[in-house]
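Okay, structure first, notes after.
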Amino acid sequence: MRQRTIKDKVRIEGIGIHTGERTRITLHPADENTGVRFLRKGVYIPASPDHVVGTFLSTDLGCGSVTVKTVEHLLATLHLLRITNTVIEVEGGCEIPIMDGSAYAFYSELKGLVVDQTEETEPFSVTGKVRVSSGKASIEAEPCSCFEITYEGVFKGCLGEQRFTFRGNAEDVILARTFCFDEDIEFIRSKGLGRGGSLDNTLVIGRNGVYNREGLRYENEPARHKVLDLIGDLYLLGAPFRGRVVSRGGGHTLNYMFVKKIHRASKLGLESLRG
């Protein structure tokens, strides 16, 4: 498949869900073989496992003292559109804007600007079975010519057990919002996070239902959002993903463990990494 970039720059502004700061991001076209890079305070930060500096409630990248928070929804959009080369300039705050809590705003802005480049890129293909686990949660992958992700999880509040399988259709996940449980809001705020969170950008779930007036966008919206997050975290591998993945209760920290392990497995040429 051809490498891709965008034909013109795109500027997006909004609030960071955790910092509460207003941030402006500008996505620029980029040359072939340069990859996805963030630019803040004159420092380039590649979207790669080597630059992950935080995974608590978001995926954060950094280089030295310069960080960019909550990159997963934007990376998911780039992955779904197969944009392999772009520079994302971050100004004002340090956090990618949350918009409405989903990836829709990014997707709708970029979809019509994608252009093929001359050079080819190889998908990141799973060549053997890979598994990571932490407690009861696990993520595993096996070879497949497709891009398929299944998420299974038990959610607190009114939702219970949910399951969703993504098979490549962006519309199945692009509107799924980030979510939290009402009983966790005080804890999140005590950690200095969630300062920009509101019902305008977060699906808030309680014991008897959701607080958002519009309700759920999908019956299994939280499970779909977990898939969206994983699509974004997988793009840290630097190329469109090919394989069949099953996540059981995973989140950003386990996603990162998985990405590191599968990246190492690819480098070493191992057929299987169980654990």
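The values are calculated or read from the model by the stated rules, or taken from the named source; none is laboratory data. Predicted model only: the values in this text are computed from it and were never measured. All Cβ positions, even for glycine, are placed from backbone atoms using ideal geometry, and neighbour counts span all protein chains on display.
Output yes when any residue across the range 216-226 is polar (S, T, N, Q) and at pLDDT below 95, and no when none is.
No, the range 216-226 has no match at all.
Is at least one residue of the range 87-97 closer than 21 Å to Thr5 by Cα, of a type outside the set (Asp, Glu), surrounded by fewer than 20 Cβ atoms within 10 Å (Cβ to Cβ) and modelled with pLDDT of 95 or more?
Yes, the conditions are met somewhere in the range 87-97.
So for the range 260-270 (the condition being modelled with pLDDT of 95 or more and surrounded by 18 or more Cβ atoms within 10 Å (Cβ to Cβ)), does at least one residue qualify?
no
Looking at the range 49-74 only, could you name the residues that are within 20 Å of Ala103 (Cα to Cα) and either part of a loop (DSSP other than H, G, I, E, B) or under 11 Å from the mean Cα position of the chain (by Cα) (or both)?
Across the range 49-74, the qualifying residues are Thr55, Phe56, Leu57, Ser58, Thr59, Asp60, Thr70, Val71, Glu72, His73, Leu74.
Among the residues in the range 163-182, are any of a type in the set (D, E, K, R), touching a Phe, Trp or Tyr at 6+ places or on another chain (Cβ under 8 Å) and surrounded by 20 or more Cβ atoms within 10 Å (Cβ to Cβ)?
Among the residues of the range 163-182, not one is of a type in the set (D, E, K, R), touching a Phe, Trp or Tyr at 6+ places or on another chain (Cβ under 8 Å) and surrounded by 20 or more Cβ atoms within 10 Å (Cβ to Cβ), which makes the answer no.
Criterion first (of a type outside the set (A, V, I, L, M, F, W, C), farther than 19 Å from Gly238 by Cα, in a strand (DSSP E or B) and out of contact with any Cys (no Cβ under 9 Å at 6 or more places or on another chain)) does Arg24 satisfy it?
So Arg24 passes the test.
Working carefully through the options Gly215, Gly192, Gly196, find the one that is assigned to a loop (DSSP other than H, G, I, E, B), out of contact with any helix residue (DSSP H, G or I) (no Cβ under 9 Å at 6 or more places or on another chain), crowded, with 17+ Cβ neighbours inside 10 Å and among the small types (Gly, Ala, Ser).
None of the others qualify; the one that does is Gly196.
Looking at the range 105-117, is at least one residue surrounded by 22 or more Cβ atoms within 10 Å (Cβ to Cβ) and not aliphatic (A, V, I, L, M)?
Among the residues of the range 105-117, at least one is surrounded by 22 or more Cβ atoms within 10 Å (Cβ to Cβ) and not aliphatic (A, V, I, L, M), which makes the answer yes.
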